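First comes the structure, then the notes that go with it.
The values are calculated or read from the model by the stated rules, or taken from the named source; none is laboratory data. Only a predicted model underlies this, so the values are computations on that prediction, with no experimental measurement involved. Don't worry about glycine lacking a Cβ; one is built from the backbone with ideal geometry, like all the others, and counts go over all protein chains shown. Ligands, DNA and RNA are stripped out before the accessible areas are found, and what is left, the full protein with its side chains, is counted by its heavy atoms. Shrake-Rupley method; radii C 1.70, N 1.55, O 1.52, S 1.80 Å.
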There are 2 protein chains.
Amino acid sequence: MRLVIARCSVDYVGRLTAHLPMAPRLILIKADSSVSIHADDRAFKPLNWMNPPCKIREEDIDGSLTWSVIHGKTGEKLVLTIEEILHDSSHELGIDPGLQKDGVEAHLQELLAEHITTLGDGWTLVRREYMTAIGPVDILCRDHLGGSVAVEIKRRGDIDGVEQLTRYLELLNRDPRLAPVKGIFAAQEIKPQARVLAADRGIDCVILDYDGLRGIEPENPTLF
Amino acid sequence: MRLVIARCSVDYVGRLTAHLPMAPRLILIKADSSVSIHADDRAFKPLNWMNPPCKIREEDIDGSLTWSVIHGKTGEKLVLTIEEILHDSSHELGIDPGLQKDGVEAHLQELLAEHITTLGDGWTLVRREYMTAIGPVDILCRDHLGGSVAVEIKRRGDIDGVEQLTRYLELLNRDPRLAPVKGIFAAQEIKPQARVLAADRGIDCVILDYDGLRGIEPENPTLF
DNA sequence: GTGTTCATCTCGCAC
DNA sequence: GTGCGAGGTGAACAC
């Protein structure tokens, strides 16, 4: 990884056209040749960048330094014009062991499938990721009377999720072995608008208690 | 901006729980106190980060360096345990003049509004951003016969955009001053599935020629 | 490869 | 503040 602090201007031509006026910035050049330009705020997003795979060509034209970064597949172009280099250092980092995550949608699905009776006594799991022509339904199960129920799981329940479940239900209800199929929209948090739309479509809403499903004290986790 | 290359492990507890094992990485500490941890690949996304507003507390416990970053509003926590610092430098950058963009949806909307006859001879603009209860319709106009037309503009036309326009049309058609309202889905590129759904809903699709609208040679832009 | 969906999405804007 | 939509979204996973 090469760290450069420099006064530079940047031009990007690709999915859009963008320009950064001359100013001091951080330029990150990583081992995969990807380049990102950072200002002195915002943790997440660089001002400008080029994703791998790409190639960097360094040129010295009329005493002004120019770095051209070209994407290998799309031909997108990022051109840095450098007026003054204030810092330049390189470091060997090696490949990263990577991030270990917990608490995402897949895990919610897993937990709810394991504890399907959370939705009602006597309910049984048919299967997770029940395949349909337009995609997999998160969970297909049966209620205590044997009626089919399709469950759509989201971390945060939005209007889109209700639309998605609606499309699944429309399709599933064409299958005589399943019909009639009820819908349940399950999420850790459901937006009011999504709740209204769900009610209008005859879909029940269920709030998922992540920690409860894990059987852990429902308390804010602390590190130390 | 402070640049630190260090062997570190990272724990994040907040919207999810995540852990990075001990390894050499870049730690960026910006002027707004935001922190991001980068591996030696991927231009865009840090391995881990904390957005502003946040506070950093540095501690030296049992000879091992610990940086705790806590978000000011949500209480999210990022804890860095540092084993060895390989590089540490600070740089004054000042505030950035910012990115100038061109070619986004707003500009497409502007251009199409200016050249509304692109959609048909004798068509007239009613207004851009026509407000409804569920949000603004990109363009409302009238065709050569005076019939109302709602236009949804996207850079890339996806199934979501068709759903969105459908909701607007449903609402607009309840207004007796406007009904019946036709729909047009306009984008630089329209996905086949979106096209099928639009056809099914009686919505016309129009491909927007960005350079054509600008009156510029429809050629790939090159920098030099 | 293309398509679909998730994300600690981030970010901006309007109400 | 909250909601909604855009993003050069990026990234992962299925087909």
Q) Take the residues of the range B:165-199 that are away from DNA strand C (no atom under 14 Å from the Cβ), outside any loop (DSSP other than H, G, I, E, B) and not aliphatic (A, V, I, L, M): which is modelled with the lowest pLDDT? A) B:Gln188
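Could you list, in sequence order, all residues of the range B:150-160 that are within 15 Å of DNA strand C (Cβ to nearest atom) and either among the charged types (D, E, K, R) or within 12 Å of chain A (Cβ to nearest Cβ) (or both)?
To start, the set of residues in the range B:150-160 that are within 15 Å of DNA strand C (Cβ to nearest atom) comprises B:154-160.
Selection gives B:Lys154, B:Arg155, B:Arg156, B:Asp158, B:Ile159, B:Asp160.
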Q) In this structure, does A:Lys77 turn out to be within 11 Å of DNA strand D (Cβ to nearest atom), of a type in the set (D, E, K, R) and not assigned by TED's automatic domain parsing to the domain that holds A:Leu178? A) yes
**Q.** Filter result for B:Glu59 (within 14 Å of chain A (Cβ to nearest Cβ), more than 27 Å from B:Tyr210 (Cβ to Cβ) and touching a strand residue (DSSP E or B) at 6+ places or on another chain (Cβ under 9 Å))
**A.** yes
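Pull up the range A:67-87, narrow it to residues that are in a strand (DSSP E or B) and away from chain B (no Cβ under 11 Å), then point me to the one that is nearest to DNA strand C (Cβ to nearest atom).
At the first step, the residues of the range A:67-87 found to be in a strand (DSSP E or B) are A:67-71, A:77-87.
Filter again for away from chain B (no Cβ under 11 Å), leaving A:67, A:80, A:82-85.
On the way: A:Trp67: 24, A:Leu80: 21, A:Ile82: 24, A:Glu83: 25, A:Glu84: 26, A:Ile85: 26 Å.
Only one residue tops the list, namely A:Leu80.
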Q: Kindly indicate whether any position in the range A:31-40 is more than 9 Å from chain B (Cβ to nearest Cβ), open to solvent by 60 Å² or more (accessible area, probe 1.4 Å), out of contact with any helix residue (DSSP H, G or I) (no Cβ under 8 Å at 6 or more places or on another chain) and in a strand (DSSP E or B).
A: no
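Among the residues that make up the range B:58-65, is at least one of them open to solvent by 30 Å² or more (accessible area, probe 1.4 Å) and within 14 Å of DNA strand D (Cβ to nearest atom)? Outline the logic, then answer.
Taking the range B:58-65 as the starting set, the residues that turn out to be open to solvent by 30 Å² or more (accessible area, probe 1.4 Å) are B:58-65.
Right, trim to within 14 Å of DNA strand D (Cβ to nearest atom) and you get none.
Looking through the range B:58-65, none of the residues is open to solvent by 30 Å² or more (accessible area, probe 1.4 Å) and within 14 Å of DNA strand D (Cβ to nearest atom).
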Q | Given (1) within 16 Å of DNA strand C (Cβ to nearest atom); (2) open to solvent by less than 40 Å² (accessible area, probe 1.4 Å), index of the condition B:Cys141 fails | A | (1)
Q. Across the range A:140-169, which residue is farthest from DNA strand D (Cβ to nearest atom) among those that are farther than 24 Å from A:Asp121 by Cα and basic (Lys, Arg)?
A. A:Arg167
Q. From the set of residues in the range B:99-137 that are in contact (Cβ under 8 Å) with a residue 24 or more places away in the chain and within 13 Å of DNA strand C (Cβ to nearest atom), which is surrounded by the most Cβ atoms within 10 Å (Cβ to Cβ)?
A. B:Val137
Q | Cβ-Cβ under 8 Å pairs, at least 6 apart or on other chains, the range B:154-176 side not assigned by TED's automatic domain parsing to the domain that holds B:Val126, far side assigned to a loop (DSSP other than H, G, I, E, B) | A | none
**Q.** Residue check, B:Leu93 within 9 Å of chain A (Cβ to nearest Cβ) and either open to solvent by 50 Å² or more (accessible area, probe 1.4 Å) or of a type in the set (Lys, Arg) (or both)
**A.** no
Q | Hits in the range B:126-151 (condition: assigned to a strand (DSSP E or B) and closer than 19 Å to A:Gln193 by Cβ) | A | B:Met131, B:Thr132, B:Gly135, B:Pro136, B:Val137
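Of all the residues that make up the range B:40-67, how many are more than 24 Å from the chain's Cα centre (by Cα), within 23 Å of A:His38 (Cα to Cα) and of a type outside the set (Val, Ile, Thr)? Lay out the reasoning, then the answer.
Within the range B:40-67, the subset more than 24 Å from the chain's Cα centre (by Cα) is B:40, B:55-67.
Now narrow it down to the ones that are within 23 Å of A:His38 (Cα to Cα): B:40, B:55-56, B:67.
When the remaining residues are screened for being of a type outside the set (Val, Ile, Thr), the result is B:40, B:55, B:67.
Residues that pass the stated criteria total 3.
Among the residues that make up the range B:171-181, is at least one of them crowded, with 18+ Cβ neighbours inside 10 Å and not aliphatic (A, V, I, L, M)?
In the first step, residues of the range B:171-181 are kept if they are crowded, with 18+ Cβ neighbours inside 10 Å; the result is B:172, B:178, B:181.
Right, trim to not aliphatic (A, V, I, L, M) and you get none.
Scanning the range B:171-181 turns up no residue that is crowded, with 18+ Cβ neighbours inside 10 Å and not aliphatic (A, V, I, L, M).
Report yes if some residue within the range A:41-55 is farther than 18 Å from B:Ala43 by Cα and assigned by TED's automatic domain parsing to the domain that holds A:Arg25; otherwise report no. First the steps, then the outcome.
Residues of the range A:41-55 farther than 18 Å from B:Ala43 by Cα: none.
No, the range A:41-55 has no match at all.
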Q: Only residues in the range A:56-67 that are assigned by TED's automatic domain parsing to the domain that holds A:Ala6 count as the first member; pair them with residues that are modelled with pLDDT of 85 or more and in a loop (DSSP other than H, G, I, E, B), Cβ under 9 angstrom, at least 6 apart or cross-chain, and list the lot.
A: A:Ile56/A:Ser33
Q | Residue list for the range A:103-139, filter: within 14 Å of another protein chain (Cβ to nearest Cβ) and within 14 Å of DNA strand D (Cβ to nearest atom) | A | A:Val104, A:Glu105, A:Ala106, A:His107, A:Ala133, A:Ile134, A:Gly135
